[in-house]
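The values are calculated or read from the model by the stated rules, or taken from the named source; none is laboratory data. What you see is a predicted model, and the numbers here were worked out from it, not measured in a lab. Every residue, glycine among them, receives a Cβ derived from its backbone with ideal geometry; neighbour counts consider all protein chains shown. Accessible surface is based on the protein model in full, side chains and every heavy atom, while ligands, DNA and RNA are left aside. Shrake-Rupley method; radii C 1.70, N 1.55, O 1.52, S 1.80 Å.
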Amino acid sequence: MLKKIPPDSPRCAHRPAHDIVGPGAAPITLVVNGIARALSIVPATTLAEALREQLALTGTKVACDRGACSACTVWLDGAPVCACMVLAIDVGDREVTTIEGLAQNGPLHPVQSAFIAHDAIQCGFCTPGLIMSCAALLAHTPDPSESQVRAALGGHLCRCGTYPHVIAAVLDASRRGRSRP
Amino acid sequence: MNRFEWMTPDGIAHAARAATATVATAMISRSGLPATDAAVLKAGGIDLLDLMKEGLLSPHRLINLLSIPGLDRIEPQEGGLRIGPTVTLAQLAAHEAVRARFRALADAAGASASPQIRHLATLGGNLLQRPRCWYFRSRAHHCARKGGDTCFAFAGENQYHAIFDHRGCAIVHPSTCATALVAFGAVLEITGPTGARRAASLEAFLRLPETDLQRENDLLPGEIVTAIRIPAHPLTTRSIHLKQGEIDSFDWPIAEVAVALDLADGICRRASVVLGAAAPAPHRAAQAEAALSGRAIDEALLRTAARAALEGAAPLSRNAYKLPIFEALVRRAIRAAIEA
Ligand SMILES: Cc1cc2nc3c(=O)[nH]c(=O)nc-3n(C[C@H](O)[C@H](O)[C@H](O)COP(=O)(O)OP(=O)(O)OC[C@H]3O[C@@H](n4cnc5c(N)ncnc54)[C@H](O)[C@@H]3O)c2cc1C
Ligand code: SF4
Ligand code: FES
Ligand code: FES
């Protein structure tokens, strides 16, 4: 079950006040896909870089590196964010979920199966980010309208133009979710 | 991105004392190279990271405002709202009281950027982000706003630039939320490095190039916006924000309008009409407001008001297309507010 960030909770009070770290490497702990991982990063490291280069979780893709394509979408406490515009040191104790965490050694997430069934992948570079956004949408809104799906996908760029297949896949995954016992 | 120190302040006073520059002052230079000794405030970090990745800003230290508790609350206050500066655009767009009483602000927040950005971007940072002019965002163009000698927009590509108040620089103010907040007469609470507090109306705080070409606002180094206050409005007030982009997804607006009308017994007692993506600061359409105030609004009057909203417009070589878009948006916004 996804947690929403409560509007009045203090965020990221993960270090004692007065603390100054950097510009060199500093130790941090990231909770990724349910596991606490200790790593050493310079404060200028983005979450996307930490995931890909330090934790070898290369499912998260970086395309624009400017928050403008959503290829790098991961969840922070269940909310989809672009990992290229978050500093790893700023994550604190918020839980990070990546594409690798959606179906760990288990059956595929319904959105993943629906992407395969609907041929919603071409080159695949934008796909992990799209799947994270679609899965977050269904977790919060199990029965979305097509316009809600379009709004949830609004930040994603797919140069191969898979959009219509992606929309069909999400609507199908939502129907299947509803018909399950 | 340059390497920097990361500071976790223990409160507002500590953060204010530690900040040596605003992002604007750290970016002004004769040489075209940003200052490398600045300690600047960071909220969601979206605009900061963008500027740093482009090499337009090279701070020595980031002071993380997100680690200060209590700055991310939305509270009712004297019939209005008091919004903490680190409330995210996603929280603002979804908040019940904001949706119910100050719909234009919820609409504006929800129409800004993409869902992924809205979960990170804060309201304070949104109001204080630097402009999107492509010459300003290009390292190859050392324009007047960054301390250079010229504005490249007047003779260059100005299709997304201002149609009002562009003396010396033709940016449009980048904040979608500011358009709605100016329509509501929002006030900023600001604390300075000595602990002194001041309150400033957002409309006066945001500056035109004729007053200051290099800063979009009146924030001084070491000052922190500690709250954004919306004053009480009569319960009969209806508001709406409409955005027109070039595409339907997360694009920046080419035109936007916020309207707040106090309607009672068929009469518009008070009208606020503010245009965004129109001028270097949110542009109050005073002639449109005057046309609507004290009158019963019918189709003819709202058409007159929409034309009056463009009084004083001076389009540049490539952006006259904005005029009919603004006129249509103002008409639609007034109609939508009446029907809301
Ligand atoms: C793809 C994309 C599309 C976008 N589309 C839109 C759009 O349509 N409309 C729109 O309005 N914006 C849009 N944005 C911009 C985005 O909304 C802003 O960059 C963001 O809101 C900035 O907020 P932040 O919290 O990340 O600020 P930061 O980057 O942390 O800070 C921005 C500035 O504010 C200062 N600051 C922050 N908080 C305070 C405070 N409390 N007191 C004093 N100084 C402070 C910082 O020092 C810095 O100068 C878009 C961005 C992207 C990447
Ligand atoms: S419009 Fe302003 S920011 Fe853009 S080039 Fe001219 S001076 Fe620079
Ligand atoms: S790579 Fe992060 S949004 Fe494009
Ligand atoms: S499948 Fe190629 S970019 Fe989307």
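The number of residues in region A:24-53 being within 14 Å of chain B (Cβ to nearest Cβ), under 22 Å from residue B:116 (Cα atoms) and in contact with a Lys or Arg (Cβ under 7 Å, 6 or more places away or on another chain) comes to 1.
Only a single criterion out of (1) part of a helix (DSSP H, G or I); (2) under 18 Å from residue B:106 (Cα atoms); (3) without any contact (Cβ under 8 Å) to a residue 40 or more places away in the chain is not satisfied by residue B:251, namely (1).
Filtering region B:272-289 for residues that are crowded, with 19+ Cβ neighbours inside 10 Å and over 22 Å from the mean Cα position of the chain (by Cα) leaves an empty set. Only a single criterion out of (1) within 12 Å of chain B (Cβ to nearest Cβ); (2) in contact with a Leu (Cβ under 7 Å, 6 or more places away or on another chain); (3) over 19 Å from residue A:115 (Cβ atoms) is not satisfied by residue A:84, namely (2).
Those residues that are among the aliphatic types (A, V, I, L, M) and assigned to a loop (DSSP other than H, G, I, E, B), I need them from region A:43-91; list them, please. Walk me through it before giving the result.
Narrowing region A:43-91 to residues among the aliphatic types (A, V, I, L, M): A:44, A:47-48, A:50-51, A:55-57, A:62-63, A:68, A:71, A:74, A:76, A:79, A:81, A:83, A:85-89, A:91.
Matches in region A:43-91: A:44, A:55, A:56, A:57, A:62, A:63, A:68, A:71, A:86, A:91.
Against the list (1) at negative phi; (2) away from ligand 4 (no atom under 15 Å from the Cβ), the condition residue A:126 fails is (2). Being more than 10 Å from chain B (Cβ to nearest Cβ), over 30 Å from residue A:163 (Cβ atoms) and modelled with pLDDT of 95 or more is true of residue A:56.
Find the residue count for region A:28-49, including only residues that are of a type in the set (Ser, Thr, Tyr) and open to solvent by less than 10 Å² (accessible area, probe 1.4 Å). Spell out how you get there, then give the answer.
The first filter runs over region A:28-49 and keeps only residues of a type in the set (Ser, Thr, Tyr), leaving A:29, A:40, A:45-46.
Those still in the list that are open to solvent by less than 10 Å² (accessible area, probe 1.4 Å) too: A:46.
Total meeting the criteria: 1.
Specify which of the listed residues (B:39, B:93, B:35, B:121) is away from ligand 4 (no atom under 16 Å from the Cβ) and more than 12 Å from chain A (Cβ to nearest Cβ). Full working, then the answer.
Values: B:39 fails: more than 12 Å from chain A (Cβ to nearest Cβ); B:93 fails: more than 12 Å from chain A (Cβ to nearest Cβ); B:121 fails: more than 12 Å from chain A (Cβ to nearest Cβ).
Unique residue meeting the criteria: B:35.
So for region B:95-106 (the condition being surrounded by fewer than 24 Cβ atoms within 10 Å (Cβ to Cβ), touching a Pro at 6+ places or on another chain (Cβ under 7 Å) and more than 28 Å from residue B:183 (Cβ to Cβ)), does at least one residue qualify? No, region B:95-106 contains no residue that is surrounded by fewer than 24 Cβ atoms within 10 Å (Cβ to Cβ), touching a Pro at 6+ places or on another chain (Cβ under 7 Å) and more than 28 Å from residue B:183 (Cβ to Cβ).
Applying the condition of being β-branched (Val, Ile, Thr) and within 16 Å of ligand 1 (Cβ to nearest atom) to region B:148-185 and asking which residue is most open to solvent (accessible area, probe 1.4 Å) yields B:172.
Only one of these is free of Cβ contacts under 8 Å to residues at least 24 places away in the same chain and either touching a Leu at 6+ places or on another chain (Cβ under 6 Å) or within 16 Å of ligand 3 (Cβ to nearest atom) (or both): A:106, A:124, A:129. Name it.
On the way: A:106 fails: either touching a Leu at 6+ places or on another chain (Cβ under 6 Å) or within 16 Å of ligand 3 (Cβ to nearest atom) (or both); A:129 fails: free of Cβ contacts under 8 Å to residues at least 24 places away in the same chain.
Just one listed residue meets the conditions, A:124.
Are any residues in region B:1-22 β-branched (Val, Ile, Thr) and open to solvent by 30 Å² or more (accessible area, probe 1.4 Å), and if so, which ones? Talk me through it step by step, then tell me what you get.
Let us first name the residues in region B:1-22 that are β-branched (Val, Ile, Thr), namely B:8, B:12, B:20, B:22.
Of everything in region B:1-22, those that are β-branched (Val, Ile, Thr) and open to solvent by 30 Å² or more (accessible area, probe 1.4 Å) turn out to be B:12, B:20.
The set of residues in region B:59-89 being within 8 Å of another protein chain (Cβ to nearest Cβ), open to solvent by 20 Å² or more (accessible area, probe 1.4 Å) and farther than 30 Å from residue B:139 by Cβ consists of B:69, B:70, B:73, B:74. Applying the condition of being closer than 15 Å to residue A:124 by Cβ and open to solvent by less than 40 Å² (accessible area, probe 1.4 Å) to region A:51-69 and asking which residue is farthest from ligand 3 (Cβ to nearest atom) yields A:59.
Within region B:38-58, the set of residues being open to solvent by 10 Å² or more (accessible area, probe 1.4 Å), within 16 Å of ligand 3 (Cβ to nearest atom) and aliphatic (A, V, I, L, M) comprises B:46, B:48. In region A:156-181, the residue that is farthest from ligand 2 (Cβ to nearest atom) out of those that are out of contact with any Cys (no Cβ under 7 Å at 6 or more places or on another chain), modelled with pLDDT of 95 or more and in a loop (DSSP other than H, G, I, E, B) is A:162.
Among the residues of region B:303-328, how many are of a type outside the set (D, E, K, R), surrounded by 22 or more Cβ atoms within 10 Å (Cβ to Cβ) and either not in a loop (DSSP other than H, G, I, E, B) or not assigned by TED's automatic domain parsing to the domain that holds residue B:257 (or both)? Going through region B:303-328 one residue at a time, the tally reaches 3.
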